[in-house]
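Notes for the one structure printed next.
Every number in this text was worked out from the coordinates using simple rules, so none of it is lab data. Remember, it's a predicted structure, so these values are computed and weren't measured experimentally. Methodologically, a virtual Cβ is constructed for each residue, glycine included, from the backbone with ideal geometry; neighbour enumeration extends over all protein chains shown.
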Amino acid sequence: MQSTSATINVTREFPHPAESVFAHWISPATRLRWEAGPDTGMTYDAFDTREGGVETVWIVQDGK
């Protein structure tokens, strides 16, 4: 499998305190609901939420 990497910047405003949104953003269960469909799974290989940290996520749909 060929490996690729990318930097993605996402901007979205929520009518909730930043602390609450961040807590949900770093929750794997919540992220799965936000970013994936019903037949999709996510595996976190790296999840460093500090400034300059790295996130590596594998998204798999229908076991493919």
Would it be correct to say that Pro28 is loosely packed, with under 10 Cβ neighbours inside 10 Å and not basic (Lys, Arg)? no
Do we find a residue being surrounded by 12 or more Cβ atoms within 10 Å (Cβ to Cβ), within 20 Å of Thr4 (Cα to Cα), of a type in the set (Gly, Ala, Ser) and free of Cβ contacts under 8 Å to residues at least 60 places away in the same chain anywhere in the stretch 45-52? no
Of all residues making up the stretch 13-44, the number that are in contact with a helix residue (DSSP H, G or I) (Cβ under 7 Å, 6 or more places away or on another chain), more than 26 Å from Gln2 (Cα to Cα) and of a type outside the set (Phe, Trp, Tyr): 2
Conditions (1) part of a loop (DSSP other than H, G, I, E, B); (2) in contact with a helix residue (DSSP H, G or I) (Cβ under 8 Å, 6 or more places away or on another chain): number failed by Thr7: (2)
Looking at the stretch 24-35, I want the residues that are more than 14 Å from Arg12 (Cα to Cα) and have a partner that is exposed (fewer than 12 other Cβ atoms within 10 Å of the Cβ) with Cβ atoms under 6 Å, at least 6 apart or on another chain. Which pairs are those? Ile26/Thr49
The stretch 16-64, residues that are within 11 Å of the chain's Cα centre (by Cα), of a type in the set (A, V, I, L, M) and in a loop (DSSP other than H, G, I, E, B): Ile26, Ala36
